[in-house]
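To start, the structure itself, in structure tokens.
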Amino acid sequence: MNKYLLIIFCSWISACSLFETNATIKNPKNKLAIITQKRDLSNKAMSIGPYFNTSKCEIEIECDCCASDLLFIDDKRFVYIAYCLESDSYLKGVYEANDTSITLHFDGKQIIKEHNLDDPKDSLGLAKPEFILKDTINKATTLTTSKYQCGKIAYYKIGRENPEYGVFDKKGDVKAAIAAMKKEQIWQRLKW
């Protein structure tokens, strides 16, 4: 009988360890440490805004130049798109993600898409381009996000000074966004 109990107990311990996302180990100084699991965010999109309403558990975007999207292209690369009335900015980099945070390493490359808000025709009556693309290089930078919970909604606080807030968008279509960037020659200029 004890042999069967021992087998059942060992099976139960093995099964439980398969479902754990965090593991606890002792480091050399005999202090407990938590190891988080690496996450692959491939083909996921995050909507970003300057405010998070904790009573409604949603992002609030109520101004020009407030909305952004963070597109996770594959298991390493991302594109950050900041929308504005006059121009949109496209930045890229690589990321590291686990259960509690996402670290974004921006490489400094930026494509600015300036919208033509004036008369759609020039003085000769010829059509002006809908937008103009400009390449810029900024200082490489890193932002770390922290994960929080609001009811059933997980949200992320991005940056420390003037933070933004992000929520994964179930309707976000990364492949369609990449296709649109390719059509407008933005993807090619990002130079992956």
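The values are calculated or read from the model by the stated rules, or taken from the named source; none is laboratory data. Note that the structure is predicted; figures quoted are calculated from it, not measured. All Cβ positions, glycine included, derive from the backbone under ideal geometry; neighbour counts span all protein chains shown. Side chains included, ligands, DNA and RNA excluded: accessible areas come from the protein's heavy atoms. Shrake-Rupley method; radii C 1.70, N 1.55, O 1.52, S 1.80 Å.
Of Lys113, Lys171, the residue with the largest accessible area leads and the full order is Lys171, Lys113 (1.4 Å probe).
Ellipsoid semi-axes for region 78-192, based on the Cα gyration tensor and the rule √(5λ), read 32, 16, 14 Å when sorted largest first.
Taking square-rooted eigenvalues a ≥ b ≥ c of the alpha carbon gyration tensor, is region 43-113 rounded, prolate or oblate, where a/c under 1.5 means rounded and, failing that, a/b exceeding b/c means prolate? Cα axes put region 43-113 in the oblate bin. Using a simple spin-label model with pseudo-atoms 7 Å out from Cα toward Cβ, Gln37 and Asn138 lie 3.4 nm apart. When the surface is traced with a 1.4 Å probe over the full set of protein chains, Ser47 keeps roughly 30 Å² accessible.
Seen through its C-alpha gyration tensor, with square-root eigenvalues sorted a ≥ b ≥ c, region 124-163 comes out oblate because a/c lies at 1.5 or above while a/b is not bigger than b/c. The label-point distance for Asp173 and Glu130, in a model that sets each label 7 Å from Cα toward Cβ, rounds to 1.6 nm.
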